[in-house]
Amino acid sequence: MRRTRATRWNLALAEFLLPPAHPEVRRRAVGRPRRVLFVSSPIGLGHARRDIAIASELRRRVPGLEIHWLAQDPVTRLLEAQGETIHPVSRHLANESRHIESESAAHRLHVFEAWRRMDEILLANFMVFLEASRHADYDLWIADEAWEVDYFLHENPELKSAAYVWMTDFVGWLPMPERGERDALLTADYNAEMLEHVARFPRVRDRAIFIGRPEDIVPHTFGPGLPRIREWTEGHYTFTGGYVLGHEPHQLGDREALRARLGYRPGEVVCVATVGGSAVGEALLARVIQAFPVAKRNIPGLRLIAVAGPRIDPAGLPAVNGVELLPFVSDLDLHLAACDVAVTQGGLTTTMELTAARRPFLYFPLRDHFEQNLHVRHRLDRYRSGRSMDFDDATPKQLAAALRSVLAAPVDYVDVESGTAARAAELISALV
């Protein structure tokens, strides 16, 4: 039942296939700067936004720290906009976003099955990681949901040559109820393999960090006969609390001043529609654009800003008079904080940024996407934030009515703790 994977013997060939490490890599040169190799998941842009915030806090704690990023499109666009250093071997990474998009349909992504079918990509990218790790004398590797790094290091613990931090905001593959017994059996099997990895080789993860609180973890087990997810995670992870935000609410200053800086005019009702860093949300974005004329009749002064992101071709979206279509926006979190209402899919970073900014929003979890439908929804319910809607029910009339309704409703969200990036950096800095 276990997935087909390269054996430990096959991966051990990396010791012969890759160029030998320079002798100086075996020890830290006196006086040289401390170095980190940071691997940020390319599935969307949320990981990169939080990783940049953590990296900034980490540099404050470790003067002179060098951070090299192993990353691919679309993450590289955000890193380049922030002036970060991208490792040159990043150009050899196989594109994971393209694979995810190839597995999707109209607002549907069975992300677990998509991940099961990307073994060759994950193995290839782990080999690139090994090559990158030999280019410099790194003191620390950080992997934010870089699943290939974590999996193959546990399969081949002898390849670990630096301190290693693993970060995530969810734990446990979960079956979608409508997918039946096969989905439940396979997700439990994958979870069992992960539990076995951590039990056999606890030395691989020098620190495992959960971005959030124990209450953010779903009240489920890993599968029949397996531990409860929250109890196991509490025993194997350190929690940051809150969520890592690009900008804390107190850093944004006066909201009216922010709106003016972004070009938002007094008296208008700004709606930002955004669907993340991949092309999977194109169908939702198109539907929101089509609903704009109806919504504008119901909401005086409505202004719709539709963010296509880095991987959606704006030319393929409906042309509707009055809709402002933007490509990639590097400071999207500022627009989310300044808007009056937002529409998005079920990605955690975008929805938590809206929650922290106390903005009303509608969110549409991708069908068959266990993380958005189960993990993210559980967390947002705890914060009492956002209104979940089904894509199939989102006719222009219903979308317009929902926008008007959430705009009129009071915002009574639970406050998001501040300082999460700093707490994450504090946990990491002791290993550098």
**Asked** What is the ratio of the Cα radius of gyration of region 301-432 to 2.2 N^0.38 Å, where N is its residue count, to two decimals?
**Response** 1.17
**Message:** Mean-square fluctuation check for the chain, GNM, Cα pairs under 10 Å: which of Glu101, Glu371, Glu215 is largest?
**Reply:** Glu215
**Item:** Modelled FRET efficiency - R0 45 Å, Leu185 with Glu158, Cβ distances, 0.05 increments
**Value:** 0.90
**Item:** Which of His87, His110 has the fewest Cβ neighbours within 10 Å, and the rest in rising order
**Value:** His110, His87
**Complete:** Across Ala295, Ala409, Ala421, the residue with the highest GNM fluctuation in the chain (Cα network, 10 Å cutoff) is Ala409
**Asked** To two decimal places, what compactness ratio does region 33-118 give when its Cα radius of gyration is scaled by 2.2 N^0.38 Å?
**Response** 1.24
**Leading residue at positive end of dipole, the chain (Cβ point charges), from Ala338, Pro293, Asn321** = Ala338
**Item:** GNM top mover of Pro249, Pro300, Pro74 - the chain, alpha-carbon springs below 10 Å
**Value:** Pro300
**Prompt:** What size of dipole, in debye to the nearest 20, comes out for region 249-408 about its Cα centre when the only charges are +1 on Lys and Arg C-beta atoms and -1 on Asp and Glu C-beta atoms?
**Reply:** 460
**Prompt:** Taking 1 over the mean of 1/r across every pair of different Cα atoms in region 168-241, what Kirkwood radius in Å do you get?
**Reply:** 13.0
**Neighbour-count order for Asp340, Asp169, fewest beta carbons within 10 angstrom listed first** = Asp340, Asp169
**Request:** May I ask you to order 374-380, 252-258 by the average number of other C-beta atoms within 10 Å around their residues, highest value first?
**Result:** 374-380, 252-258
**Complete:** Using the Kirkwood radius over Cα pairs of region 235-366, the Stokes-Einstein translational diffusion coefficient at 20 °C and 1.002 mPa s, in µm²/s and rounded to a whole number, is 139
**Item:** Hypothetical label at Glu234: residues of region 199-226 whose amide nitrogen lies under 12 Å (7 Å Cα-Cβ projection)
**Value:** 214-217
**Item:** CD proxy at 222 nm, helix term only [per DSSP H run n ≥ 4: -39500 (n - 2.57); per residue of the chain; nearest 500]
**Value:** -11500 deg cm²/dmol
**Asked** Arranged by the count of other C-beta atoms within 10 angstrom, fewest first, what order do Met352, Met127 take?
**Response** Met127, Met352
**Message:** Let's see if you can work this out: charge +1 on each Lys and Arg Cβ, -1 on each Asp and Glu Cβ, no other charges. What is the dipole magnitude of the chain about its Cα centre, in debye to the nearest 20?
**Reply:** 500
**Prompt:** Quick one: if you take sqrt(5λ) for each eigenvalue of the C-alpha gyration tensor of the chain, what semi-axes come out, biggest first, whole angstrom?
**Reply:** 37, 25, 20
**Message:** Going by average Cβ density within 10 Å per residue, which order do the peptides 38-45, 320-327 take, highest to lowest?
**Reply:** 38-45, 320-327
**Inter-site label distance for Gln398 and Glu193 at 7 Å from Cα along Cβ, in nm** = 3.8
**Asked** Efficiency by 1/(1 + (r/R0)^6): what FRET value for His378 and Asp73, r their Cβ-Cβ distance, R0 = 25 Å, to the nearest 0.05?
**Response** 0.25
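Here, each number is a calculation from the coordinates, and none is a lab measurement. On a predicted model such as this, the values are computed, not experimentally measured, just so you know. Positions of Cβ are backbone-derived with ideal geometry, glycine not excepted, and every protein chain shown enters the neighbour counts.
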